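Below is one structure; the comments refer to it alone.
The values are calculated or read from the model by the stated rules, or taken from the named source; none is laboratory data. Computed from a prediction, not measured in an experiment: that's the story for all the values here. Ideal geometry is used to build each Cβ from the backbone, glycine not excepted, and the neighbour counts take in all protein chains shown. The accessibility values were calculated without ligands, DNA or RNA, using every heavy atom of the protein model including side chains. Shrake-Rupley method; radii C 1.70, N 1.55, O 1.52, S 1.80 Å.
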Amino acid sequence: MEKKEQVFLYMKEEIERLANLEEEKILAEAKELEEEAYNQIKAEAKKDAEALLAKELVEISSSASVEASLSQEEKTKKLVVKRDEYVANIFKEAKEKLVAFVASKDYQKYLIEHIEKIGKLYQMEDSTLELREEDMRYKDELVKAYGVDLEVEVSDKIKIGGFIIENKATNVVVDESLDSALENQKDWFYKTSGLMIK
């Protein structure tokens, strides 16, 4: 009977030993699977975090670019307004000086000498001399200085002073009005003043 108990004990121990080995094997496999799953989840989380970070960086960069662009645009607008104010003031003063010149005693002399020069360069028959209403008092002297008979009429295109000679047959217009001269100076000023805004 003792032998049976020894065999039984031996069998029990062997079963327990094999069960323990199997349990250790199962636990090791489970731990390995757990580690593998953990590493996989960790890798996916890292990948998702990197993608999210990259997306956030792109959005931040894009937002910063938009803000920088808007800021630059705002600065440019302010510069354009400031430049236009300067130019308006400069040409307001220039116009005031021209108006003062036209009201001076030198204006009549200027008109006569100027139309003499134009008469030598562009003497056109059957032409019209256009003057502002206030300068009609000089018409006879101006026609004489031009050297060829001209029809004279009042022009609403001339506000400051000067004259325009137009030949309707040839469509040649010689615009020597102070208004045009001032306007042409604006174009020249913008091109050469260094106040271009880029």
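Could you please tell me which pairs satisfy a Cβ distance under 8 Å, a separation of 6+ or placement on different chains, a first residue in the stretch 87-116 that is touching a residue at least 40 places away in the same chain (Cβ under 8 Å), and a second residue that is of a type in the set (S, T, N, Q) and open to solvent by 80 Å² or more (accessible area, probe 1.4 Å)?
Here the result reads F91/Q185; A94/Q185, each pair linking the stretch 87-116 to a residue that is of a type in the set (S, T, N, Q) and open to solvent by 80 Å² or more (accessible area, probe 1.4 Å).
Pairs, please: C-beta under 6 Å, at least 6 apart or cross-chain, first residue in contact (Cβ under 8 Å) with a residue 24 or more places away in the chain and in the stretch 126-152, second open to solvent by less than 80 Å² (accessible area, probe 1.4 Å) and hydroxyl-bearing (S, T, Y)?
E130/S155; E151/T128
Quick one: Y122 ticks every box in (1) open to solvent by less than 80 Å² (accessible area, probe 1.4 Å); (2) within 44 Å of the chain's Cα centre (by Cα); (3) of a type in the set (S, T, Y) except a single one, so which number is it?
It is condition (1) that Y122 fails.
Let me spell it out: the conditions are (1) among the acidic types (D, E); (2) in a helix (DSSP H, G or I); (3) within 29 Å of V172 (Cα to Cα); (4) open to solvent by 100 Å² or more (accessible area, probe 1.4 Å), and E93 meets all of them except one. Which number is the exception?
The failed condition is (3).
Looking at (1) open to solvent by 100 Å² or more (accessible area, probe 1.4 Å); (2) modelled with pLDDT of 75 or more; (3) within 49 Å of the chain's Cα centre (by Cα), can you tell me which one D48 breaks?
(2)
Could you list, in sequence order, the residues of the stretch 136-163 that are out of contact with any helix residue (DSSP H, G or I) (no Cβ under 8 Å at 6 or more places or on another chain), open to solvent by less than 80 Å² (accessible area, probe 1.4 Å) and in a strand (DSSP E or B)?
Selection gives E153 alone.
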